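Just below is one structure, and these are the notes that go with it.
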Amino acid sequence: MNADIFQAALAATARVACCAALVSCQKPVNTPEAPPLMEHASQKEEKPVVKQVPDEPKRSEVSTEFTACDQTIQEFLKIEPIADQNPSKEVLACCSLQGNEVDQKPDIRWDNRIECCEMLNWRGPRGCTPWGPPTPPHMV
């Protein structure tokens with residue numbers, strides 16, 4: 001294909017694209033509406049069916065101890081950087097309590113999972129398993 005033919009083909013393509021754009025931008029032609037249906041006494045007006053979206057399942061309630069431990073853990077994490085952690089027995093107990101409660105009620109949200117599991121060396125509650133079964137023997 002030589003340059004002249006290529007330029008002619010390119011110009012023709014541009015004209016077709018321009019015409020297609022102009023045609024598609026025009027207002028649609030009004031079409032006559034369908035004649036109204038005759039209503040009979042036996043016909044009932046159908047109401048549109050409204051689909052009901054099911055509510056989200058309610059999450060289990062957390063215990064007061066879980067909430068109190070959440071504050072204890074958050075306060076500890078504000079003071080100590082994660083790399084330099086030397087958690088107290090209270091913080092470790094709170095992490096275990098939260099992990100065990102999550103084991104019993106898996107639908108509750110455990111915001112401190114990663115931090116707690118790191119402090120527990122990824123042992124203890126099932127929520128602290130970084131993978132599914134089977135657990136490697138050295139982690140049992």
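The values are calculated or read from the model by the stated rules, or taken from the named source; none is laboratory data. Computed from a predicted model, the values in this text were never measured in an experiment. With ideal geometry, Cβ positions are generated from the backbone for all residues, glycine too; neighbour counts draw on all protein chains shown.
Close Cβ contacts (under 9 Å, 6 or more residues apart or on different chains) running from residues in region 47-68 that are within 25 Å of GLY99 (Cβ to Cβ) and in a loop (DSSP other than H, G, I, E, B) to residues that are at pLDDT below 80 and of a type in the set (Ser, Thr, Tyr) are absent.
The set of residues from region 59-110 being of a type in the set (Ser, Thr, Tyr) and modelled with pLDDT of 85 or more comprises SER63, THR64, THR67, THR72, SER88, SER96.
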